[in-house]
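The values are calculated or read from the model by the stated rules, or taken from the named source; none is laboratory data. What you see is a predicted model; the values in this text were computed from it and never measured. For neighbour counting, all protein chains shown are included, and Cβ atoms are generated from backbone atoms with ideal geometry for every residue, glycine included.
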Amino acid sequence: MKRAAIILGILLTVVLILPSVIVLPFEHHADSADPKIKPKETAEINLNKSASVSHTKAKDPAVNVAVYRSNEHKVESLPLHDYLVGVVGSEMPADFNIEALKAQALTARTYIVGHLLAKASIHLPDGAEVTDSTMDQAFEDKSDLKRLWGSEYDWKIKKIDKAVSETAGQILTYKGEPITASFFSTSNGYTENAEDYWNQSYPYLKSVPSPWDKKSPKYKAEKTIPVATFETDLNVTIPNQNGEIGQVLKSTPGHRVGEIKIGNKTFTGRQVREKLNLNSSDFTMIKDGNDIKVQTKGYGHGVGMSQYGANGMAKEGKNYKEIVSYYYRGVKISNMQPFVKEITAKG
């Protein structure tokens, strides 16, 4: 009898305690975290935890972009996500590191949001909002990219799509407004202050070192220009003797030509670059017989994010947030949703 009572007691103990033993290790007690947390804050934390567990992927807002296709002379309207895939696929090599591609996706989204908000007054056919050229951002749709990439299309489009998807809804802002997210191919080792190229200052577009660009195939180049063409393009007359052409009067913080005197005229580095169609405004010019040999460093205007620099940073383990924060000083990564209502209202 005594033995039976002991056995019954053990069974009752197991029945009462075992459920707690099973449940407690897997039960989350929200109230045990911090007694100072207010009910509203606790709800937000729980909501965030719930969202992270569900692994819900962010998506770009339901905004369409009307692109003027310059070759076909037609307007193509497509979802923001598809537009961004076409831009990133056209503006940056798909074999770049995924974090560099994400940084490019972020600049592309920032650009189009700012553009749609501003409703820039360039002459476009009715219904078009943006061009497919570097006047805005280069753009090719998926059929174009398939033709260009051929057998490599599948892996390239998947990688580009991943970069756009993993930055969905994000833009770069400064003091609450989308930035001018300028970018270019390759620096000369430094980016350029905006005011030293465009004569317009932006607090986030300041010169920073970009040593990764030295590995770019576009880092150095040489161009040969006949003396007659050189004199015509710049409307100058140069001395007959061989040797270096031009006297640099001023250099920029980005180590480019600020002002240069050629013959009896003074030019900005940008003017010479554009008149002679040079890769960058970091150049030296040497007369050699009937030719002028122009050596350049870098490729592009030099303002904002260097694409090859971004790829170099990514290869060193930097993520896209660190990349854009380096090239655009003092900016924040923000949700574009607050701007969507204004964009759709303008439409």
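General observations
- Identification of strands (runs of 3 or more DSSP E) wholly contained in region 253-347 with 1 or more residues that are buried (at least 21 other Cβ atoms within 10 Å of the Cβ) and of a type in the set (D, E, K, R) yields 291-297.
- Residues (surrounded by fewer than 24 Cβ atoms within 10 Å (Cβ to Cβ) and of a type in the set (A, V, I, L, M, F, W, C)) located in region 82-102: ALA94, PHE96, ILE98
- As a summary of the residue check, GLU222 satisfies the conditions (1) part of a helix (DSSP H, G or I); (2) surrounded by fewer than 16 Cβ atoms within 10 Å (Cβ to Cβ); (3) acidic (Asp, Glu) except for the one numbered (1).
- Hey, THR107 polar (S, T, N, Q) and within 16 Å of ILE160 (Cα to Cα) or not: yes
- Residue list for region 191-219, filter: over 17 Å from the mean Cα position of the chain (by Cα), surrounded by 15 or more Cβ atoms within 10 Å (Cβ to Cβ) and touching a residue at least 40 places away in the same chain (Cβ under 8 Å): ASN193, ASP196, TYR197, TRP198, SER216, LYS218, TYR219
- Filter result for the condition that a residue is at pLDDT 95 or above and over 11 Å from PHE139 (Cα atoms), over LYS102, LYS59: LYS102
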